[in-house]
Amino acid sequence: MKAALISLGSTSSKWTAEAMRKYFDQVDELDIREIEVSLGSKNYGVFYKGEHLEEYDCIFGKGSFRYSALLRSITSILYDKCYMPIEQDSFSVVHDKLLTHLVLQKHDIPMPTTYLSATVNAAKAILKKVNYPIIMKFPQGTQGKGVMVADSYAGASSVLDALQSLKQPFIIQEYIETDGVDIRAIVVKGKVIAAMERKAETGEKRSNIHQGGSGEKVELDTQTKKITIETAKVLGADICAVDILSSHKGPLIIEANLSPGLQGITKATNMDIADKIAKALYLKTKEFIENKKSTKANQILEEVGIKTSKDEVKQVITNLDLRGNRLLLPEIITNITQFGEKEEVVLKAKKDHLYIKTFNIEK
Ligand SMILES: Nc1ncnc2c1ncn2[C@@H]1O[C@H](COP(=O)(O)OP(=O)(O)O)[C@@H](O)[C@H]1O
Ligand SMILES: [Mg+2]
């Protein structure tokens, strides 16, 4: 099987590609800056260094919010052709904290109280009624850089004026007191595979490792695990990181990340996270190929008027084809049985009868 990792070539991406090489026959590392999407002509599609992108069984696209439109476009075009762990909407939604909160709200996933307003006056009205401190953040900031803490209405109001002059959208959020600690969990294929607590540096409220925070392995309680897994699911990501604040109201989700750094969490948990991601990509790709094969077989059967259901035995009436004295079975049989090249099978034969079964299957 052949896979591509589209990324900016960070250390985490290199680790992931390296781990993928243990499972896939070929892994190409593609620089996202060399990718182009062309629409509107017969020759539409995804291009790499000016040429049509090769066919892959699996494509894992990573990149910061600057690349979310491109990653979304690549996914939209190739999603049915190969396994891609992130759904197209996910790139737009996860790279914007406001859109993320809107999706989480729809699924009743708990989060800090969050406000959005259209004008400075409306924002000031919100700032008058909230308790302090308060958080103000850019929907698209990362690594803690777009997060501001204001201790009073006066402070918040001056931050607001600065934000207004930058003409940047922002959200106002209830400050959750956690003593500068947040939880970063990695979800892979519907499971929390690793989690760490990050503690902000003294005097700092943002616990991002990039802001000097330090990580320590943590076991999540059942409720936190449940909403973390649910978050990844509703955001359409088979692989992602989820940031959580533990409050007296229970766990609250603050954001998800489709391209999380692996160094911090690998060190904190002493686990090979890249390997777990690579293995999941491999298993999901295998599943994708098998589903595609059986869908194709079912389509052919339906076209020739044979109804299909998953475990039903299908009957095909055909003339036998002998090459020399060897029996050649029709392609449709290969598609239905999903027998692969060199697969070990048991043949049971007597006059007028032939039965073929994969070897090693009990029953
Ligand atoms: N509502 C909040 N209450 C308390 N701390 C917060 C809140 N939102 C963010 N933080 C702190 O700021 C850090 C960065 O915020 P986050 O929303 O995850 O943005 P980023 O994309 O920059 O990581 C968090 O890890 C957390 O320590
Ligand atoms: Mg974060």
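The values are calculated or read from the model by the stated rules, or taken from the named source; none is laboratory data. If you're wondering where the values come from, they're calculated on a predicted model, not measured in any experiment. Every residue, glycine as well, gets a Cβ built from its backbone with ideal geometry; the counts of neighbours run over all protein chains shown.
Some notes on this structure:
- Subset of region 79-95 (residues that are over 15 Å from the mean Cα position of the chain (by Cα) and touching a residue at least 12 places away in the same chain (Cβ under 8 Å)): Lys81
- Candidates Leu281, Leu252 - the one that is surrounded by 18 or more Cβ atoms within 10 Å (Cβ to Cβ) and closer than 24 Å to Pro85 by Cα: Leu281
- Ile176 vs. criteria within 14 Å of ligand 2 (Cβ to nearest atom) and outside any strand (DSSP E or B): yes
- In region 229-243 there is at least one residue matching the filter, namely being among the charged types (D, E, K, R), closer than 28 Å to Phe60 by Cβ and within 16 Å of ligand 2 (Cβ to nearest atom).
- Matching option when the condition is touching a strand residue (DSSP E or B) at 6+ places or on another chain (Cβ under 6 Å) and buried (at least 17 other Cβ atoms within 10 Å of the Cβ), among Met1, Met20: Met20
- Scope region 106-126; condition touching a helix residue (DSSP H, G or I) at 6+ places or on another chain (Cβ under 7 Å) and in a helix (DSSP H, G or I); matching residues: Val120, Ala123, Lys124
- Within the option set Gly50, Gly45, being surrounded by fewer than 13 Cβ atoms within 10 Å (Cβ to Cβ), at pLDDT 95 or above and on the phi > 0 side of the Ramachandran plot holds for one residue only, Gly50.
- For region 149-171, taking the residues that are under 29 Å from Leu262 (Cα atoms) and not in a loop (DSSP other than H, G, I, E, B), the one that is farthest from ligand 1 (Cβ to nearest atom) is identified as Ile171.
- Hits in region 188-203 (condition: farther than 20 Å from Thr16 by Cβ, at pLDDT 85 or above and assigned to a loop (DSSP other than H, G, I, E, B)): Ala200, Glu201
- Set Gly61, Gly141, Gly146: member being away from ligand 1 (no atom under 15 Å from the Cβ) and either of a type in the set (Gly, Ala, Ser) or touching a residue at least 40 places away in the same chain (Cβ under 8 Å) (or both): Gly61
- Flag if Val103 is in contact with a helix residue (DSSP H, G or I) (Cβ under 8 Å, 6 or more places away or on another chain), assigned to a helix (DSSP H, G or I) and buried (at least 16 other Cβ atoms within 10 Å of the Cβ): yes
- If you go through region 211-261 and keep only what is within 12 Å of ligand 1 (Cβ to nearest atom), in contact with a helix residue (DSSP H, G or I) (Cβ under 9 Å, 6 or more places away or on another chain) and assigned to a strand (DSSP E or B), you end up with Gly215, Ala241, Val242, Ile244, Ser246, Leu252, Ile253, Ile254, Glu255, Ala256, Asn257.
- Scope region 121-154; condition surrounded by fewer than 18 Cβ atoms within 10 Å (Cβ to Cβ), within 15 Å of ligand 2 (Cβ to nearest atom) and under 15 Å from Gly180 (Cα atoms); matching residues: Gln143, Val149
- Candidate set: region 257-273, residues that are within 16 Å of ligand 2 (Cβ to nearest atom) and out of contact with any Lys or Arg (no Cβ under 9 Å at 6 or more places or on another chain); chosen: the one farthest from Arg66 (Cα to Cα): Gln263
- Qualifying residue in region 80-97 (condition: surrounded by 15 or more Cβ atoms within 10 Å (Cβ to Cβ), among the hydrophobic types (A, V, I, L, M, F, W, C) and in a loop (DSSP other than H, G, I, E, B)): yes
- Scan region 324-355 for residues that are in a strand (DSSP E or B) and under 43 Å from the mean Cα position of the chain (by Cα) and the total you get is 5.
- Residues in region 28-87 that are farther than 23 Å from Lys189 by Cα and among the acidic types (Asp, Glu): Asp31, Glu34, Glu36, Glu51, Glu54, Glu55.
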